[in-house]
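We did not get these values from a lab; they are worked out from the coordinates using the rules stated. Keep in mind that what you see is a predicted model, and the values were worked out from it rather than measured. All Cβ positions, glycine included, derive from the backbone under ideal geometry; neighbour counts span all protein chains shown.
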């Protein structure tokens, strides 16, 4: 200890400076920490509130309700059987005659544009096959199969269509949906669907959904695009680069 | 000459007086005073120690906010790995988890541990000709499997792909159109493929994830350490990490739970699609299949030759994603002979050659 004191005594000015520097290291780090803390800017990441998906949007009900046997339709506000009218009124096979009933039906089934191609002329509560046989409405698959052979083949194997309930008849009740529970027989193509919201990552503020898609398509990197837009908006005297509706959520 | 220290230090007169007193004592006591505590050094050290303690306390303070600490129990800490639990251990674990759920969500869950069925290996098939990209499956999955709503965690990712390619790099899962399908795209839903050669299982350092006899790759959420190796190893982007405690509204909890599947997850663990094993091991279809409005999704037992999936694998054109990686997925994609979406609206004709009659005037 004494030797150390003597050593330091030999070079008094340098030792003094070193000690001052030693005392200053702590406060210097503290000041630097305070500087870093004060100078850090809170970044507002682009985000939007989580969209709410209602149970009605993810219902497991089949897309349509197929007609049963006997088929009941609502005509003029009354639910009634087909033959309630069709037994009374004579069937006229005149395809070009304007319709006076069933006006809610749009027939968009390709070449198949005659009612009596499928509906039986004599008994309107049955469907007619090409060989003259008739089937009840729940057995409509036999009728469709006459033209849509490969689809019918896939449906019987399970590659087409939908099976509800158990994944095997051995482990529980199964129900195979029939053609008309998904397809409207009068216009069998699927209608367009409104997609449910996509993943929340990088959803950009309050831009409209379509804009976001176009921007992402353009830049392929939403975060990069956002940062460049942000740089442009913070640059002075560049006018109206920012969308006034763009108010990013404050990060907590 | 110890006094020099105080001079160099710019010491106060009080210090000098104290040092002078020390110098006046015997050399023995002088050196002990020099080596020991002065008022100045005491203050300095005390300030340093206080600051250090404050810094340590500040650094540790986030631990107070960990939600899991509230439900921390020695029992949970000492809980064994799923495969090493005896029936009694499992019963105790299920009771503990059920109580946690009751406490957090006011719902008494129907929680149990469901074992795989004998002679059953699950396989999924998806008809790309029929998928319209409506994302019903994504949100039915979220509702069924108690996934976090904020931040969102979704097991299924529907990728909008340009027609004519299977290069996923060209796909876009952020698509947000007024209506789907778009005629120039097809839709490729991706979820856990339950690989028979799973890279995620190989990289797990603690064996918190493994493959069950019925083909499902499962995770023991109480054993997972959250290292995210599996997330990096998965070539299908199928695994999700809980960066925060999952937040699920109390009225959205699905009380039908299983230990290895959809019980609420803690913060800091991985999760992923498990083919809805709380449903499928009891004979029901997965939630994503039940909700699909086009019937593009098919599920079943591949060991039964009469099952739908067996028929599909035998008769349809099938492929798996990233086959070259050798992961042997249990998730197959297939096509129909004719594509209804492409047939419905023909592709736009390419821009016609400039006509001589337009604008030429010649």
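General observations
- Euclidean distance between Cα centres, region B:107-168 to region B:169-236, Å: 10 Å
- Spin-label pair residue B:167-residue B:57: with each label point 7 Å from Cα along the Cα-Cβ axis, the two points sit 6.0 nm from one another.
- Dividing the C-alpha radius of gyration of region B:86-145 by 2.2 N^0.38 Å, with N its residue count, gives 1.68.
- Neighbour-count order for B:222, B:167, B:336, fewest beta carbons within 10 angstrom listed first: B:167, B:336, B:222
- Fewest-first ranking of A:90, B:267, using other Cβ atoms within 10 Å as the exposure measure: A:90, B:267
- The residue B:41 and residue A:31 beta-carbon pair, evaluated with R₀ = 25 Å, returns a calculated FRET efficiency of approximately 0.65.
- Put simply, the C-alpha atoms of region B:122-344 give a gyration tensor, and the ellipsoid matching it has half-axes of 27, 20, 18 Å, longest first.
- Put a dot 7 Å past the Cα of residue B:76, heading toward its Cβ, do the same for residue B:233, and the two dots end up 2.6 nm apart.
- Pairwise FRET efficiency - residue B:207 versus residue A:23, Cβ, R0 = 56 Å, nearest 0.05: 0.55
- Put a dot 7 Å past the Cα of residue A:75, heading toward its Cβ, do the same for residue A:146, and the two dots end up 2.2 nm apart.
- Residues A:167, A:155, sorted so that the one with the fewest Cβ neighbours within 10 Å comes first: A:155, A:167
- Taking region B:149-178 and a reference point 7 angstrom along Cα→Cβ of residue B:252, the backbone N atoms nearer than 19 Å belong to B:149-158.
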